[in-house]
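J.: Structure incoming, see below.
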């Protein structure tokens with residue numbers, strides 16, 4: 001009987017194991033960033049209240065406690081941590097042969113083995129384990145009963161040492177709790193550098209004890225232009241509501257603002273360090289200092305704060321007080337932040353102020369400098385020497401290269417249209433961080449910078465040598481907050497693009513796959529849901545900006561993600577879940593405005609509208625023009641947006657063979673008008689599109705065909721028009737505000753062939 005009981009007990013245990021174990025397939029596993037090597041094996045490990053972690057080194061504790069706290073939060077119990085291996089099933093061990101930040105993770109049905117050589121490696125192994133757990137591990141007091149992770153072997157290491165995210169606190173402010181939440185997001189995806197943009201024209205956000213007015217006055221403002229824009233947009237979209245917690249009564253006025261005390265900064269730094277994240281402060285100088293100059297006006301060339309044509313008036317580099325002031329600030333910043341780097345900005349300086357300043361001109365002459373750019377580099381080198389004396393390295397935006405780069409200064413390359421800054425830095429042998437605005441500025445609209453574009457961007461130029469490549473520390477994405485007035489909006493702009501950045505930052509170029517990433521994202525959305533992140537989902541596809549038809553037309557819509565539902569309206573109202581649900585292609589025989597939205601659960605896409613227009617054929621003009629060119633009129637600094645551009649009565653044109661910015665590249669506040677003729681080689685519906693940075697408008701005769709207006713990065717917009725065979729008048733308006741500039745024009749023939757608009761298809765008088 002005794003042996004029978006034992007046999008029954010063992011049988012019971014075995015049956016229990018069979019019911020509490022399972023084998024995972026690759027399609028069920030989503031780890032972002034993608035590990036270097038991953039092999040799925042049979043079975044799974046199940047966490048329980050009896051699970052125990054073994055550690056034997058101090059640097060293993062942060063990772064072990066992080067895992068324990070995850071279960072305390074989600075399951076209601078902590079995972080025990082012990083320095084004894086007895087009954088432990090999660091084993092931490094040290095392997096000196098494993099590189100910094102790398103790890104080895106092996107999960108079997110009985111044990112989990114984690115190997116690394118440093119605290120970061122152990123921590124990243126836990127983040128991978130976290131993603132192998134059900135998404136419910138991210139929720140508070142979850143009812144999940146079975147905490148399975150697949151049996152798996154992973155060997156992993158990062159591509160880049162700098163895997164960064166940036167937040168701008170000056171334009172709109174964020175609380176310390178929101179900062180901590182964002183740091184948790186970064187930790188999950190193995191991002192390790194947090195760049196805090198703490199000062200700018202619109203607000204000073206860090207306590208400096210020597211200069212109390214910086215926060216007593218400089219941290220607060222009345223309603224700004226960006227605030228007004230957000231308030232207008234908020235009437236239709238709650239994501240633009242300015243967070244009310246940052247409004248306070250100041251001097252009898254309602255003002256927006258806030259700042260971090262030095263104690264709060266220390267708290268952020270400690271919290272970040274526990275997650276293997278280094279906090280980099282940015283104190284922008286000598287430009288973007290208006291919030292300081294407003295309260296210490298002696299810093300400027302004119303003893304008052306102000307604005308130039310585009311940027312604020314900078315600090316005067318001909319005054320010793322400027323050097324004293326900035327160094328005094330940096331003393332406190334250097335003592336506060338343990339980071340290797342201090343970022344000094346250095347971008348978008350209004351050098352015209354220095355050209356008009358006798359003291360700055362004297363400084364140029366006395367120090368044998370050639371121009372104002374070299375004056376800024378003179379200032380940078382002085383500040384760098386000072387930072388070096390405090391054990392810190394200087395970091396700045398790519399404008400610090402323009403007047404000559406110091407031997408050890410580190411540069412952040414952001415201007416896509418200034419690749420020479422990146423190339424000069426590489427040739428000079430200086431370190432750099434790649435953060436291009438066309439790919440890694442996450443404040444840009446998702447249609448301008450979709451996460452596929454982020455994922456596909458390769459940060460190492462093809463022409464870089466091995467030695468030059470070594471100086472690329474890594475990548476960073478930036479969140480400028482002009483149009484990000486609350487934390488939900490910040491989530492919306494950051495996700496899912498942050499995951500695409502994380503994979504580029506961690507995963508080798510050879511190991512990346514856009515198709516595989518898209519599949520893993522389907523599971524990652526569940527984790528983002530569990531975290532309560534208001535992420536962006538792509539909008540409805542299959543709908544052009546303007547659709548033309550002659551008799552009737554059928555519109556077929558598509559949901560870009562699985563488990564999405566489409567709703568639409570045709571009465572001009574904004575669609576919601578109460579609107580008509582799309583189930584089959586829509587047929588139109590009259591001019592209609594179709595507005596669509598897609599939902600994934602409760603998460604909604606942006607709305608998308610299109611004019612579905614019934615047209616008649618436009619007649620050609622009776623003309624025999626000169627083929628192969630258009631007429632182009634150009635002006636500078638006359639208009640601010642393309643919608644305002646108009647031809648003067650006596651406009652002087654030049655003949656150009658292509659529709660682009662040839663000969664006018666890099667000019668800010670540039671406006672153009674192209675006029676001529678387009679040849680329709682057959683009768684039918686033609687589709688035109690412009691891809692431009694910034695705005696462009698296209699007309700065929702008097703017919704408005706393409707609306708790509710507004711100041712924005714390069715995006716493509718389209719429209720359709722019914723044309724009879726022959727020559728048709730064409731007019732294209734263009735405006736470039738600041739930064740880069742591009743213009744391309746395309747058309748599709750009635751048979752669907754897409755062509756660039758040039759050659760024999762264009763002509764002029």
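J.: For the stretch 496-566, what ratio Rg/Rh do Cα atoms give with a Kirkwood hydrodynamic radius?
T.: Rounded to two decimals, Rg over Rh is 1.12.
J.: In percent, what relative contact order does the stretch 162-530 have, based on Cα pairs under 8 Å that are 6 or more apart in sequence?
T.: Across the stretch 162-530, relative contact order equals 18 percent.
J.: So in the stretch 162-530, what percent of DSSP beta bridges are antiparallel if you round to the nearest 5?
T.: 25 percent
J.: For a quick check: sort 344, 154, 626 by the number of other beta carbons within 10 angstrom, fewest at the front.
T.: Least to most surrounded, the residues fall as 626, 154, 344.
J.: Also, I was wondering about something else. How many angstrom lie between the Cα centre of the stretch 715-763 and the Cα centre of the stretch 460-536?
T.: 33 Å
J.: If you count the DSSP beta bridges with both ends in the chain, what percent of them are antiparallel, to the nearest 5?
T.: 70 percent
J.: Between the stretch 382-455 and the stretch 137-179, what is the C-alpha centre distance in whole Å?
T.: Here the answer is 26 Å between Cα centres.
J.: How would the stretch 546-614 be classified by its alpha-carbon gyration tensor: rounded, prolate or oblate, with rounded meaning a/c under 1.5 and the a/b versus b/c comparison settling the rest?
T.: Verdict is prolate for the stretch 546-614.
J.: Fewest first, what order do 307, 480 take by the number of other Cβ atoms within 10 Å?
T.: Ordered by Cβ neighbours within 10 Å, fewest first: 307, 480.
J.: From the Cα gyration tensor of the stretch 288-369, with a ≥ b ≥ c the square roots of its eigenvalues, which class applies: rounded if a/c is under 1.5, or else prolate if a/b is larger than b/c, or else oblate?
T.: Taking the square roots of the gyration eigenvalues as a ≥ b ≥ c, the stretch 288-369 is prolate.
J.: Okay, next question. Quickly work out the residue 641-to-residue 251 label distance, labels modelled 7 Å from Cα along the C-beta direction, and quote it in nm with one decimal.
T.: Modelled inter-label distance: 3.2 nm.
J.: Any idea how far apart residue 683 and residue 550 come out in nm if each label point goes 7 Å out from Cα toward Cβ?
T.: In this crude label model, residue 683 to residue 550 measures out at 0.6 nm.
J.: Something else: Within the P(r) computed for the stretch 216-325, what percentage of the Cα pairs occupies the region above 16 Å?
T.: Tail of P(r) above 16 Å: 72 percent of Cα pairs.
J.: A further question follows. Rounded to whole Å, give me the distance from the Cα center of the stretch 188-236 to that of the stretch 567-584.
T.: 38 Å
J.: State whether the stretch 162-530 is rounded, prolate or oblate according to the following rule on the C-alpha gyration tensor (a ≥ b ≥ c being the square roots of its eigenvalues): a/c under 1.5 gives rounded; otherwise a/b larger than b/c gives prolate, and the remaining case gives oblate.
T.: Oblate, since a/c reaches 1.5 and b/c is not below a/b.
J.: Still on this structure: Can you pull the Kirkwood radius for the stretch 626-764, inverse mean 1/r over Cα pairs, to one decimal in Å?
T.: Taking every pair of different Cα atoms in the stretch 626-764, averaging 1/r and inverting gives 14.9 Å.
J.: With each pseudo-label sitting 7 Å past Cα toward Cβ, what's the residue 331-residue 667 distance in nm, one decimal?
T.: Each label point is offset 7 Å from its Cα along the Cβ direction, giving 4.9 nm.
J.: Could you calculate, for the chain, the ratio of the Cα radius of gyration to the Kirkwood radius, expressed as Rg to Rh?
T.: Result: Rg/Rh = 1.01.
J.: Turning to a different aspect of this structure: Would you order 290, 427 from fewest to most other beta-carbon atoms within 10 Å of each residue's own beta-carbon?
T.: The most exposed by this proxy come first: 427, 290.
J.: Mind grabbing the base-10 log of I(q)/I(0) for the stretch 514-660 at q = 0.09, 0.10, 0.13, 0.14 Å⁻¹? Debye formula, identical points on the C-alpha positions, no solvent, two decimal places.
T.: Summing over Cα pairs of the stretch 514-660 leads to -0.53, -0.63, -0.85, -0.89.
FYI, it's all coordinate maths here, none of it is from the lab. None of the values given here were measured: they were computed from a predicted structure. Here the Cβ is made from the backbone with ideal geometry for all residues, glycine too, and neighbour counts use every protein chain on show.
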